[in-house]
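These notes concern the structure reproduced below.
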Amino acid sequence: MYKLLFTLVLPAMMLTSCFKTDSACDEYDPCGYVVPLSQKQELEAYLSMNAISATAHCSGMYYRIDLPGTGKSPKVCDNINVTYKGYLTDNTVFDEAVSPVNFDLNSLIGGWVNGIPLIKEGGKITLFIPPGLGYGSQQQGPVPPNSILIFEVSLISVQ
């Protein structure tokens, strides 16, 4: 009896799971993680000291929409095509893509996952990312641990 039940129920359960949406994408909460207050204060001090006007995000990062764009808005699980420049607060460039590159948005650092959906295709944004939404306490190539990251991103397309 259990064999028959197992043989009938398991395939039905497997098939119905194929029709479900990815809840991690649909239910993503950009405010679900908030950086520690000390990181937010350090970022605010940097912005203030450099007279940078930026908007606070609920997660503790800051951003400036340089061009909102007019195309499709990306969702967390979309593939994005972008150009970007990443640098540190001392203006040291640590990464740059002058030709468009593709990424799955949900595979990137939290600052990008929270910030890129704020613009549409054709848009440009500058992200000011505290360590907790960046590379954290880990050295990442030329980026020292606990670094504030700044990214200038142009969203070319969304797939």
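Quick note: the coordinates plus some simple rules give every number you see, no bench work behind them. Everything numeric here is computed off the predicted structure, so don't read it as measured data. Using ideal geometry, Cβ is built from the backbone for each residue, glycine included, and neighbour counts are taken over all protein chains shown.
Results, tabulated for the structure shown:
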quantity	calculated
Relative contact order (%) - segment 22-158, alpha-carbon pairs under 8 angstrom, separation at least six	29
Label-point separation, Ser99 to Asn50 (7 Å along Cα→Cβ), nm	2.9
Loop-located GluC sites (Glu not before Pro) in segment 24-53, at most 11 other Cβ atoms within 10 Å (DSSP)	Glu27
Karplus-derived 3J(HN,Hα), 6.51/-1.76/1.60, for each residue of segment 29-44, Hz, glycine and proline x	10, x, 9, x, 10, 10, 5, x, 4, 4, 5, 5, 5, 5, 5, 4
For segment 48-109: relative contact order, % (alpha-carbon pairs under 8 angstrom, 6 or more apart)	26
Restraint check, Lys75/Lys120; Lys75/Lys124; Lys72/Lys124; Lys40/Lys85, Cα-Cα greater than 19 Å	Lys40/Lys85
